[in-house]
Structure formats: C-alpha cells, structure tokens
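**Student:** Take this structure first; my questions come after.
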Amino acid sequence: MDYILEVKNLKKSYGSLEAVKNVSFQVRRQSLFSFLGPNGAGKSTTINIISTLLSKDGGEVTLNGESGETYFRNKIGVVFQNNILDDNLTVKENLLYRGSLYINNKKGVLERYKELRSYLQFTEFENQKFKTLSGGQKRRAEIARALFSNPEILLLDEPTTGLDPETRKVVWKVIGDLRANKGMTIFLTTHYMEEASEADHVVIINKGEIVAEGTPSMLKEKYSKDRLKIVATDKEKLVELLNNLGRDFKKISDEYVIIVQNADETIKLLNCLKPFIKQFEVLKGSMDDVFIEVIGGNNHV
C-alpha cells in the first residue's frame, strides 16, 4: 500500500511528562486521515513534530520515505488551531509575503496568489486587514497560506473549531475538493466526531499512546451500540414487558431508549413490543460513542 507519511515509535517528553510514547501510524496517499484525542492527549505535539516545528526525542518520521526539515517544509501545508497571519496586514499582503518564502520570484508568487484567490474565492475581502475578517474568512485565508507551496499533504489542526455550521460546510467543501480534484492527502484533527466519521482511517490517542485505530465502520462496530427509541401507547405495559424480557432501558422525556446489538435483535424486540409502540426510531452507533468508550468515559444507554 502507498503510504505518504509514516511515523514509527515517536517519542517526546517535557521534563518528566511523556507527551508522546512510542506512537506509530501510517497515512495512505490521497486519503483523509483523522487523528483524535482529548485535550492534552499528544495530538498537537505529534503535529508539531511532523511539521518540523518541534524536535522529537526518538523515533522516525518520513514523508515519501524521506526525512529532513527542508524536504518536509516543501511538501507539507499546515493550518494550525490558532490563526498565524498578521492582523494588521491585508489578506493580499499577508499571502504575498508568505508566498515569497516558497517562490523566489515576484511573478511566480503573484500567479500562485491569483490561483488561490480564484480557488478559495476571497476576492471580495483580499484588501481587508486580517483582523477585520469573520472566522470563516480567516480560515479561508489560512488555508490559502498553507496551500501556497502546493503541498502533497495538508495538516488541519481543528480547522472548523468555533465556526458556525454554514461556514464549516464551506471549509469542508474545500477539503473535499482538495482530495477529489487535487489528489491531496488530508491529515485532520477535530473535536467534531461527525467530521471524523468521513475519514478513511482514524487513530485515537490518549495520554500519549494510541488506544484505538481503524476505519470509522470498524471502530463503530467494535466500540459503539445501536439504540432503539420508543414512544409508547401504554407506558406501564411497555415497561412491564421490558422488565419481563430482562431488557435494560432509560427513559428520556416521553421516549424509552434500549441498547440493541444488531438489526435481527431489533426486529425481534419490535415484534414483541409492537402492541405498545406508538412510534420508534433506531439510532446507529456513532463516532461520539466510540470516542467516549475508548477514552474511558462512562457508558450510557
């Protein structure tokens, strides 16, 4: 299999604190790779090492089988959690300056700028100071900065945190296009589990160690449970029958929520409860369930 990025036995400590402990994973070329974990899990430390902003204590990080800061910096684009463009410069001034760090002639910098301006559609605010932009506009400008070198892999560290749902959709439209039409590999960290569910492969890290990994469907099958939600025609009789069947349930408002293992079990249970069901809904296990289960949260019905 063609891996663009490989991390082997990565280690990083801050004094006595082991932030990253023998972390190993591989990122397939042109895939969407999601790297999850709670705050302080070691995500940002790992990303900072990959992007050459932080030195490692041990292990190996290779891109296309190569190593070295100069090689990495020419192949990787990074959108950080916090914006790094200059507040007092316009979008155009910011990007032309940043572009000059990658392209050594003014004509080439301007041509690349115009390509990105058209692609990310920021003509309307290119002459505004960065500090005056909305959150979504700032994200687009930061993505343009990260794309200036035409990287092979784009690292996105919680790129949609704090954005409204409509703006998040805009950012995700760009991410989708980069994969589908530009052949770019996307390395994503996020606190939105519905975003992680779109990934080709997910790695979950906690306390500096990988605690689970696989495709979203594999992880949901292993760590999450489906739920059957029922609104009853006769609450007392429904509860009596559930108790007779030995089924645990939780009452939320006017709904009874029961954990079910699979479709076959759900159908059998519905047939048993049918006389007392006014309406029902089956909720599939989610990446939120996976995250809570893997990180060690309490199990809930």
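**Student:** Counting pairs of alpha carbon atoms under 8 Å apart in space and at least six apart in sequence, what relative contact order in percent does the stretch 142-202 give?
**Tutor:** 42 percent
**Student:** Next up: Could you run the Karplus curve 6.51 cos²θ - 1.76 cosθ + 1.60 with θ = phi - 60° over the stretch 288-296 and give me ³J(HN,Hα) per residue in whole Hz, x for Gly and Pro?
**Tutor:** With the stated coefficients, the stretch 288-296 comes to 4, 4, 4, 4, 4, 5, 6, 6, x Hz.
**Student:** Further question on the same structure: Under a straight-distance cross-link criterion of Cα-Cα below 17 Å, which aspartates and glutamates are reachable from residue 92, leaving out those fewer than 8 residues away in the same chain?
**Tutor:** Cross-link targets: 111, 115, 124, 126, 142.
**Student:** Let me ask another. Take 201, 191 and order them by how many other Cβ atoms sit within 10 Å, fewest up front.
**Tutor:** Working: 201 19, 191 14.
So the ranking, lowest neighbour count to highest, is 191, 201.
**Student:** Once Rh is set to the Kirkwood radius over Cα pairs, what Stokes-Einstein translational diffusion coefficient, in µm²/s, holds for the stretch 1-92 at a temperature of 10 °C and a viscosity of 1.306 mPa s?
**Tutor:** In µm²/s, the coefficient rounds to 109.
**Student:** I'd like the Kirkwood hydrodynamic radius of the chain, using the inverse of the mean 1/r over distinct C-alpha pairs, in Å.
**Tutor:** By the Kirkwood definition, the hydrodynamic radius is 21.8 Å.
**Student:** Further question on the same structure: If only Cα atoms are counted, what is the Rg of the stretch 79-170, and what is its Dmax, in Å?
**Tutor:** When restricted to Cα atoms, the stretch 79-170 yields Rg and Dmax of 12.6, 39 Å.
**Student:** Hey, fewest Cβ within 10 Å first, where do 56, 107, 8 land in order?
**Tutor:** 107, 8, 56
**Student:** Going through the stretch 4-108, which chymotrypsin sites (Phe, Trp or Tyr not before Pro) have at most 10 other Cβ atoms within 10 Å and a DSSP loop state?
**Tutor:** Loop-located and lightly packed - none at all.
**Student:** Next question. Could you work out [θ]222 nm for the chain from helices alone, using -39500 (n - 2.57) per DSSP H run of at least four and dividing by all its residues? Round to the nearest 500 deg cm²/dmol.
**Tutor:** -11000 deg cm²/dmol
**Student:** Could you pull out every residue, at least 5 positions away or on a different chain, whose amide H is within less than 5 Å of the one on residue 57? Hs are placed 1.01 Å off N in the peptide plane, and Pro or chain starts have none.
**Tutor:** 11, 12, 13
**Student:** Positive end of the charge dipole of the chain (Lys, Arg +1 and Asp, Glu -1 on Cβ, about the Cα centre): tell me which of 91, 136, 150 has its Cα farthest that way.
**Tutor:** Farthest towards the positive end: 91.
**Student:** Between helix 165-182 and the chain, what is the angle of the helix's C-alpha long axis to the longest principal axis, kept within 0 to 90° and rounded to the nearest 10?
**Tutor:** 60 degrees
**Student:** Now for a separate question. Report the Cα centroid-to-centroid distance between the stretch 143-159 and the stretch 1-36 in angstrom, as an integer.
**Tutor:** 18 Å
**Student:** To make sure I understand, if each residue's beta carbon is the centre and we count other beta carbons within 10 Å, what order do 280, 291 fall in, fewest to most?
**Tutor:** Exposure proxy ranking, most exposed first: 280, 291.
**Student:** Here is a further query. Could you list, bin by bin from short to long, the percent of Cα-Cα pairs of the stretch 213-301 in 10 Å steps?
**Tutor:** Going from the shortest bin to the longest, the percentages are 16, 46, 27, 10, 0.
**Student:** In debye, nearest 20: dipole of the stretch 150-281 around its Cα centre with unit charges on the Cβ of K, R (+) and D, E (-)?
**Tutor:** Roughly 460 debye for the stretch 150-281.
**Student:** Right, another one. Residues with amide H under 5 Å of residue 81's amide H, sequence separation 5 or more or different chain, H placed in the peptide plane at 1.01 Å from N; which?
**Tutor:** When sequence neighbours closer than 5 places are left aside, the close amide H contacts are 157.
**Student:** I would also like to ask the following. Report ³J(HN,Hα) in whole Hz for each residue of the stretch 36-45, in order, from the Karplus equation J = 6.51 cos²θ - 1.76 cosθ + 1.60 where θ = phi - 60°; Gly and Pro get x.
**Tutor:** Residue by residue, the stretch 36-45 yields 10, x, x, 4, x, 6, x, 5, 5, 4 Hz.
**Student:** Let me ask something else. With θ set to phi - 60°, apply the Karplus curve 6.51 cos²θ - 1.76 cosθ + 1.60 along the stretch 133-144 and write out the HN-Hα couplings as whole Hz, x wherever there is a Gly or Pro.
**Tutor:** With coefficients 6.51, -1.76 and 1.60, one gets 7, 6, x, x, 5, 4, 4, 4, 5, 5, 5, 4 Hz.
Readers should treat all values here as calculations from the given coordinates under stated rules, not as data from a laboratory. Here the structure is a predicted model, which means the values were calculated and not measured. Cβ coordinates were reconstructed from backbone atoms using ideal geometry, including for glycine residues, and neighbour counts include every protein chain displayed.
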